[in-house]
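Worksheet: the structure to be examined is printed underneath.
The values are calculated or read from the model by the stated rules, or taken from the named source; none is laboratory data. A quick note: this is a predicted structure, and the numbers were derived from the prediction, not measured. Reconstructed Cβ throughout: ideal geometry from the backbone, glycine too, with neighbour counts over all protein chains shown.
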Amino acid sequence: MQRLVLIDAHALLHRAYHAFPKTLVNSKGEMVNAVYGFARTLLSLFSELKPSHVVVAFDQKGPTFRHHQFKGYKATRPKVDQELIDQIKPAHEVVEVLNIPIREVAGFEADDVIGTIVRRFKTSVSHSVGDIDRLDEIIIVTGDKDAFQLVNDRVKVYMPSRGQRIPAKLWDQQAVVAKLGIKPEQVVDFKALAGDASDDIPGVKGIGQKMAQKLLNRWQDLETIYSRLNEVQSRLGSRVVNLLKSSEDTARLSQKLAQIFAQVPIKVNLRQCQLHDYDKVKAVKKFTELEFKSLIKKLPNDSLEEMTQEVFGKTAKAGKKTNPVPCEERGKQMGLF
């Protein structure tokens, strides 16, 4: 299975920061709850999703193009805690030491970067050319439901567990429909109509989620709804039509704000995304510096460990001792899987 896993680092860091206790600090008294939770999730993904290709997308500091389109975008969100901001750099270092490619572009959000990569590689296997045809599936790892708009027959969204209360879930097309009552490709227009309070996307004032579902289930998309207002009036009444007419500009602006931008200027090809060798000695050193010793055992086996298991596995099972090479003596590049 050739599976590309795209990780929204910002979303995972934010979830970890609020999920793990703020008393989780290192010996210097620095809070490390977000980067610890992020690193633990990242390592767990290797065994849970078994990717052949991985990319991690980060947000960059500063306003995005959406803030220029609409000054109210995310305006009511509380300011990001400095303790979370301080953990972004070590999160970068964790990804880098595992030799996983990072993509981030000023003025765009991480999900725009992910959307761009999905757009590059989502062509179905039967109609693809070049190295794209080696990809069977794309999984987006995030805690943000905005990514549902990218789901199709080959693209799924994976949301890691949040403690014991909320288990991990893989969202395919059927799961999105069951949850939202609309298709993945209608998510953007759903927000254009109903708005999204979490991102301060206004939508159409007076049109709630249930009415937005009715409109989209009957007329499929925003453009069709506005082109058939006579039909809307005959079925749903003049009040709904008046609301739509009075907020048409806002609806179209909301549509732009909700749409993941899939043309971010980044260079990426499938070969770059493939899991490469990594230096496990450096990874152990980095995790020791971060004081994440409990996570060291979760690091993937290096190539020497795998070779030792293959060559001496039967001997070890028979009770004969082997002499593994100490980690400090292995300063070479090692396989991630």
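Some points to look at:
- The sole residue among A16, A39 that is under 14 Å from the mean Cα position of the chain (by Cα), buried (at least 20 other Cβ atoms within 10 Å of the Cβ) and either part of a strand (DSSP E or B) or not aromatic (F, W, Y) (or both) is A16.
- Check on Q82, under 23 Å from I266 (Cβ atoms) and either more than 21 Å from the chain's Cα centre (by Cα) or free of Cβ contacts under 8 Å to residues at least 40 places away in the same chain (or both): no
- Hey, E96 within 18 Å of the chain's Cα centre (by Cα), modelled with pLDDT of 95 or more and surrounded by fewer than 18 Cβ atoms within 10 Å (Cβ to Cβ) or not: yes
- Some residue of the range 47-61 being surrounded by 14 or more Cβ atoms within 10 Å (Cβ to Cβ), in the same structural domain as V157 (by TED's automatic domain parsing) and among the basic types (K, R): no
- Residues in the range 48-95 that are part of a helix (DSSP H, G or I) and aliphatic (A, V, I, L, M): L49, L84, I85, I88, A91, V94, V95.
- Selected residue (criterion: surrounded by the most Cβ atoms within 10 Å (Cβ to Cβ)) from residues of the range 245-278 that are free of Cβ contacts under 8 Å to residues at least 60 places away in the same chain and in a helix (DSSP H, G or I): A251
- Selection status of V204, under 25 Å from L243 (Cβ atoms), out of contact with any strand residue (DSSP E or B) (no Cβ under 7 Å at 6 or more places or on another chain) and either of a type in the set (D, E, K, R) or part of a loop (DSSP other than H, G, I, E, B) (or both): yes
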